[in-house]
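Below is one structure, written out as structure tokens; comments come after it.
Laboratory data are not the source of any read-out in this text; all were calculated from the coordinates shown. On a predicted model such as this, the values are computed, not experimentally measured, just so you know. A quick note on method: Cβ atoms are made from the backbone with ideal geometry, for glycine too, and the neighbour counts reach across all protein chains shown.
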């Protein structure tokens, strides 16, 4: 079964659309609004870094992207498919987005290799041999091929994050969401978004924003963390 056949018959992937397009995204918990009309485009292959202080809405924004949180209003399109449409198969959307947060949620009773294969077998229907081949390839990509037999409790924090990234890559996602330190944004990012108080305050090239921010709130934040 191909990816497109799992979508609702009225929905078609647009190959010319951004990988992600967010327009007017709002999220409220009761009377408290935590996202205030976010607009953002992410092009295929683009590395977009979202930074900001604790409580700025970063995690809520990312959780809305695969509907772990339901938006209160606005639209989120993945390759032209509006995932806020009730007819969208949300599990299909989630299967195409890899997410690695600060809690890596590795299974401590399984070794690294098993952590990478279990979802491939159960969700993607791969055979164990194929799943292990994919897992080992992705462990090599993150420099941890030699740790396949280790358990999560034997890994450093950085190694655990790389295992979680390899696990997400093993599911062949169309997009990846990864939390990382600030240096990652400067070295790898193509586009940077600074959020504060649930709003997108400043966007631009990471090196420009980090070295010469235009907004006072951006300058204040960077002065505290850099």
query = For the chain, modelled as a GNM with alpha-carbon contacts under 10 angstrom, which of 32, 188, 177 fluctuates the most?
reply = 32
request  = At 7 Å along the Cα-to-beta-carbon direction for both residue 184 and residue 223, put a label point, then send me their distance in nm to one decimal.
outcome  = 2.8 nm
task = Could you tell me which label, among (i) 25; (ii) 37; (iii) 33, carries the value of percent of Cα pairs over 28 Å apart calculated for this structure?
result = (ii)
task = Extending each Cα 7 Å along its Cβ direction at residue 146 and residue 72, get the distance between those two points in nm, one decimal.
result = 5.2 nm
task = For an R0 of 45 angstrom, estimate the FRET efficiency from the Cβ-Cβ distance between residue 13 and residue 154 and round to the nearest 0.05.
result = 0.60
For the chain, built as a Gaussian network whose Cα springs stay under 10 Å, the top-fluctuating residue of 131, 166, 212 = 212
query = Roughly how many nanometres apart are two label points built 7 Å out from the Cα toward the Cβ at residue 121 and residue 26?
reply = 4.8 nm
task = In a Gaussian network model over the chain where Cα atoms closer than 10 Å are linked, find which of 124, 62, 35 has the largest mean-square fluctuation.
result = 124
